[in-house]
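Any read-out appearing in this document is the output of simple, stated calculations on the displayed coordinates, not a laboratory observation. Predicted model only: the values in this text are computed from it and were never measured. Don't worry about glycine lacking a Cβ; one is built from the backbone with ideal geometry, like all the others, and counts go over all protein chains shown.
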Amino acid sequence: MIKFTLIIWVCSFLGQQTCMAPLEYPKMFDTWYECARTAHQESGKILSQMGYKKVNESRIGIKYYCRQTHTT
């Protein structure tokens, strides 16, 4: 069975791009669609937690990847 694992990177795009260590979402997803939608929802939460000032000053952005995993 194919599942997807969500991996999110919080990055600064100020000058040379630098990213924090990747965050692996604890839930596995049955479809790419579910994974990608959750990535966008979680990205919004992360940006909100960091706050308007920090996100703007450091030019914070979110990268994500839904990694395909085969399970038994």
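For TRP9, what is the net charge nearby, where nearby means another residue's Cβ is under 13 Å from its Cβ and Lys, Arg count +1, Asp, Glu -1? Here the charged neighbours net out to 0.
In degrees between 0 and 90, to the nearest 10, how far off the longest principal axis of the chain does helix 32-50 point, with axes built from Cα atoms? Value to nearest ten degrees: 30. Placing pseudo-labels 7 Å out from each Cα toward the beta carbon at ASN56 and THR31 gives an inter-label distance of 3.8 nm. Restricting the chain to trypsin sites (Lys or Arg not before Pro) that sit in a DSSP loop and have at most 14 other Cβ atoms within 10 Å of their own Cβ leaves ARG59. Rounded to the nearest Hz, the phi-derived 3J(HN,Hα) couplings of segment 55-60 under the Karplus curve 6.51 cos²θ - 1.76 cosθ + 1.60 (θ = phi - 60°) are 4, 5, 5, 9, 6, 6, where x marks glycine and proline.
Taking every Cα-Cα distance in the chain and sorting them into 5 Å bins from zero, the calculated P(r) comes out as 3, 17, 25, 21, 15, 10, 6, 2, 1, 0 percent.
Taking the Cβ-Cβ separation of GLN17 and ILE46 as r and a Förster radius of 25 Å, what is the calculated FRET efficiency to the nearest 0.05? So the FRET efficiency works out to roughly 0.90.
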